[in-house]
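Asks: Encoded as structure tokens, here's the structure I'll be asking about.
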Amino acid sequence: MRTRVIKMKALLVFACILQLSLTLDNGLGRTPQMGWNSWNHFHCSINAQLVMETADAMASNGLKAAGYQYVNIDDCWQVARFPNKTIQPDPKNFPDMKQLIDHVHSQGLKFGLYSDAGYYTCAHRPASLGYEDIDAATYAGWSVDYLKYDNCNTDNTKPEVRYPVMRDALNKTGRPIFFSLCEWGQDDPATWAPKVGNSWRTTGDIGDNWNSMYSRATSNDKWWKYAGPGGWNDPDMLEVGNGGMSHNEYVVHFSLWCLMKAPLLIGCDIRNMSKDTLDILTNSEVIAVNQDPLGVQGHRVNMTSDGAEVWAGPLSDKSVAVILLNSGSKTQNVTAHFSDIEMSGTASVRDLWAHADQGTATDSITKSVDSHSAVMLVLKPQ
Ligand code: GLA
């Protein structure tokens, strides 16, 4: 009898350990991550000075106050491995990683790094395949808060096999480190990554133009049911402020990313941003949709052949966030029928870009929307 009880207890402990090692469970990403990443604007031209200046700008120019938190370095910070196999940051551009991270932390911000689940990163720097435990321990030793993990130059095994190895290595450090998967949607990560990471890319790299941005949004849309607190679909980082799109197109970009509960990772030079860019990125009403605790990804509910599109998603206070989007080439009316957006009767209307209450609407709402533009509303049942 006693040995049976002991055996049962041992089995229970084993089951718990197995359970722990099969899930991420780091408590992070209850709402989509907000921050900055070096890649979209700077690519490999990065150094500690730039990152410190970026952190200082984020802390003082209104971005931190709006909720942006992570300062993340992408590819090209690493050059080699030391004889003891630990990773070596570029001695010229990143002479003292710990000091840089301490500086970011001293601004009340968090710090992120980049590596890759292959032999080399996409820019051919040393990556983490086979070095997961050593690298995770190094990151934790530096007090890193976030890891973006790419998928170049691998051993051709599936990402489902390689990414959990780094998840477990990060878990073992005991430091909560946000784990951002970047396998470009190749193996339908939405179907398996919620157990592995806090977010997963659903698309290839974004470019700073309408077609690229719009196609990231529509590809990402397919996976809307899989997102939720702790794990988010990632249609890639923001291009707002990089100059390749019009003001209205950037408003569409930011509106869609917020409604889709996408990570809000700024990709421009925030040390030198225009007021217009800052105003888009700090629109607190639009950000509130992204950060709503319900965490349901809004999705496209209707589209005409002329590109009159309705995107919508529920919020925790029973209201519905709606984007009336015109992806067509001419100004046109866009109508959201309440029956399409899980709403009925009469609702109050709040315009999130005009920052204005606009009375009530019953059964549907129609707005005239310019080409490549959007109106974003919150409809609250009366
Ligand atoms: C891949 C990723 C990008 C960026 C680069 C860096 O292309 O998808 O987001 O990290 O690698 O080399």
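The values are calculated or read from the model by the stated rules, or taken from the named source; none is laboratory data. Everything quoted here is computed from the prediction, not taken from an experiment. Virtual Cβ from ideal backbone geometry, glycine too; neighbours counted across all protein chains shown. SASA here: full protein model, heavy atoms, side chains in, ligands and nucleic acids out. Shrake-Rupley method; radii C 1.70, N 1.55, O 1.52, S 1.80 Å.
Asks: Does V51 fit the bill of being open to solvent by 20 Å² or more (accessible area, probe 1.4 Å), within 16 Å of the ligand (Cβ to nearest atom) and modelled with pLDDT of 95 or more?
Replies: So V51 fails the test.
Asks: If you don't mind, there's one more thing I want to ask. I'd like to verify a number: residues in segment 262-296 that are crowded, with 19+ Cβ neighbours inside 10 Å and over 20 Å from N209 (Cα atoms), how many?
Replies: Total meeting the criteria: 7.
Asks: Scan Y146, Y131 and give me the residue that is in the same structural domain as N84 (by TED's automatic domain parsing), in contact with a Lys or Arg (Cβ under 9 Å, 6 or more places away or on another chain) and open to solvent by 30 Å² or more (accessible area, probe 1.4 Å).
Replies: Y131
Asks: Now for a separate question. Can you tell which of K158, K148, K172 is touching a residue at least 12 places away in the same chain (Cβ under 8 Å), away from the ligand (no atom under 15 Å from the Cβ) and either closer than 21 Å to R81 by Cβ or in contact with a Pro (Cβ under 8 Å, 6 or more places away or on another chain) (or both)?
Replies: Selected residue: K172, the only one of K158, K148, K172 that is touching a residue at least 12 places away in the same chain (Cβ under 8 Å), away from the ligand (no atom under 15 Å from the Cβ) and either closer than 21 Å to R81 by Cβ or in contact with a Pro (Cβ under 8 Å, 6 or more places away or on another chain) (or both).
Asks: Could you list all residues from segment 145-168 that are among the charged types (D, E, K, R) and either on the phi > 0 side of the Ramachandran plot or in a helix (DSSP H, G or I) (or both)?
Replies: If the condition is that a residue be among the charged types (D, E, K, R) and either on the phi > 0 side of the Ramachandran plot or in a helix (DSSP H, G or I) (or both), then E160, R162, R167, D168 are the ones that fit.
Asks: Within segment 82-121, restricting attention to residues that are within 26 Å of T157 (Cα to Cα) and open to solvent by 50 Å² or more (accessible area, probe 1.4 Å), which residue is nearest to the ligand (Cβ to nearest atom)?
Replies: Y120
Asks: Quick check on V349: is it without any contact (Cβ under 8 Å) to a residue 60 or more places away in the chain and either part of a strand (DSSP E or B) or closer than 27 Å to W200 by Cα (or both)?
Replies: Judged against the criteria, V349 is a match.
Asks: Still on this structure, please answer the following. When segment 58-81 is examined, which residues are found to be open to solvent by 20 Å² or more (accessible area, probe 1.4 Å) and not polar (S, T, N, Q)?
Replies: A59, G62, K64, A65, A66, G67, V79, A80, R81
Asks: Scanning for something open to solvent by less than 20 Å² (accessible area, probe 1.4 Å) and among the polar types (S, T, N, Q), does segment 332-344 turn up at least one residue?
Replies: No, there is no match, as no residue in segment 332-344 is open to solvent by less than 20 Å² (accessible area, probe 1.4 Å) and among the polar types (S, T, N, Q).
Asks: What's the total number of residues in segment 54-77 that are within 16 Å of the ligand (Cβ to nearest atom) and among the aromatic types (F, W, Y)?
Replies: Qualifying residue count, segment 54-77: 2.
Asks: Here is a further query. Restricted to segment 178-216, and to residues that are open to solvent by less than 10 Å² (accessible area, probe 1.4 Å) and over 13 Å from the mean Cα position of the chain (by Cα), which residue is nearest to Q297 (Cα to Cα)?
Replies: Only one residue fits best here, namely A190.
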